[in-house]
1. If you go through the range 254-272 one residue at a time, how many are loosely packed, with under 10 Cβ neighbours inside 10 Å and farther than 28 Å from Ile196 by Cβ?
2. Restricting the first residue to the range 272-290 and requiring it to be closer than 12 Å to Glu239 by Cβ, which pairs with a second residue that is modelled with pLDDT under 75 and small (Gly, Ala, Ser) meet a Cβ separation below 6 Å and a spacing of at least six or different chains?
3. Working only within the range 179-207, note down all residues that are at pLDDT 75 or above and either assigned to a helix (DSSP H, G or I) or charged (D, E, K, R) (or both).
4. Mind checking which residues of the range 56-70 are at pLDDT 70 or above and in a helix (DSSP H, G or I)?
5. Looking at the range 273-286, which of its residues are within 12 Å of Leu198 (Cβ to Cβ) and either among the aliphatic types (A, V, I, L, M) or not in a loop (DSSP other than H, G, I, E, B) (or both)?
6. Is at least one residue of the range 226-246 in a loop (DSSP other than H, G, I, E, B) and farther than 17 Å from Ala280 by Cβ?
Amino acid sequence: MADTGLGPAIAFGEGRRPEAATRVTLPAFDGPLALLLALIEARQLDVLTVPLGGLAGAYLEAIAGLDDDRMGNVSAFVAVASQLILIKSRAMLPRRAVEGAVPLQDDGIDPEAELRARLILYRAFRDAGVSLLETGQARVGLFHREAATARVAGLAGARPPAAKPLSTSILVAALDGLARVAPPPAPPPETIRRTILLTDRAQLIRRALRGADVVVLQDLLRGVRDRVVVAITFLAMLELMKRREIVVEQTEPWGPIMARRTTAEERAAAGMPGAIDEEAPLDESLESFA
């Protein structure tokens, strides 16, 4: 996003840290978002001159133009903007000491002190790096070619001295040593698709009810870790309930789900007199639930 002169502008760049790769253009500043916060923390830039509202608006407009990776940029901006808001609020509303007032205990980390410590640590590492470079150049005599010198040499037509070309046999031998035909990878082991049927889970519920008056669904699924098995068992219970084979009750939310066999009177009241045909196939397609 280019600076139109109408307000703050945001431009995203590539980098591991979004706050360091995001470029901010303000009337009083032009640079990375992290540098803006560092300058304000170091009191080298007046936070009152930074329009936080316009900065947030420009950031939202820039975020809307991104196709992906919005979360990293949004979280980085929220982290930096929260510190800017805190610093600006302290600058605009200074705390006035009240005689006899009991100060509140603040257990949080002061963002100003934290960033000031980070700036001091960064300066120490920077100075140490410069000192190590100077020592290495003085003792070892490190040599590096300046870009301007390389360009002048190229314009002047500098060329390396002519040397005898390498033999073709050397190149062929080198290629023979590099070329290796990798064997084809072994095919993956054949997998057998697992099938869980409503009929099988319904038979499990029927067998449990033959030995007990009431069966709790949670007890039937005790020790089962497969979510598919849990879901199919629950659907099988609903299918049996729809066929008027069982009655399901749950007296309280998240409580035990209890099932019992329907009585002859309950089946007659539902218009389904007679014995239950347990051999009738269940609707495995679940189209009847639609």
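The values are calculated or read from the model by the stated rules, or taken from the named source; none is laboratory data. Computed from a prediction, not measured in an experiment: that's the story for all the values here. Note that we place each Cβ from the backbone using ideal geometry, even for glycine, and neighbour counts take in every protein chain shown.
1. Taking the range 254-272 first, the residues loosely packed, with under 10 Cβ neighbours inside 10 Å are 254, 265, 271.
Those left that are additionally farther than 28 Å from Ile196 by Cβ: 265, 271.
Total meeting the criteria: 2.
2. As it stands, the answer is none, since no pair meets every condition given.
3. If the condition is that a residue be at pLDDT 75 or above and either assigned to a helix (DSSP H, G or I) or charged (D, E, K, R) (or both), then Leu198, Thr199, Asp200, Arg201, Ala202, Gln203, Leu204, Ile205, Arg206, Arg207 are the ones that fit.
4. Across the range 56-70, the qualifying residues are Ala56, Gly57, Ala58, Tyr59, Leu60, Glu61, Ala62, Ile63, Ala64.
5. First, the residues of the range 273-286 that are within 12 Å of Leu198 (Cβ to Cβ): 281-286.
Residues satisfying the conditions are Leu282, Leu286.
6. So in the range 226-246, the residues in a loop (DSSP other than H, G, I, E, B) come out as 226, 243-245.
Going one step further and asking which of them are farther than 17 Å from Ala280 by Cβ, we end up with 226.
Yes, the range 226-246 has at least one match.
Each row is one residue, and each column tells you yes or no for (1) at pLDDT 70 or above; (2) within 30 Å of Ala56 (Cα to Cα); (3) surrounded by 10 or more Cβ atoms within 10 Å (Cβ to Cβ).
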{"position": "Val74", "(1), (2), (3)": "yes, yes, yes"}
{"position": "Phe77", "(1), (2), (3)": "yes, yes, yes"}
{"position": "Ile87", "(1), (2), (3)": "yes, yes, yes"}
{"position": "Arg90", "(1), (2), (3)": "yes, yes, yes"}
{"position": "Leu104", "(1), (2), (3)": "no, no, no"}
{"position": "Arg116", "(1), (2), (3)": "yes, yes, yes"}
{"position": "Ala128", "(1), (2), (3)": "yes, no, yes"}
{"position": "Val140", "(1), (2), (3)": "no, no, no"}
{"position": "Glu146", "(1), (2), (3)": "no, no, no"}
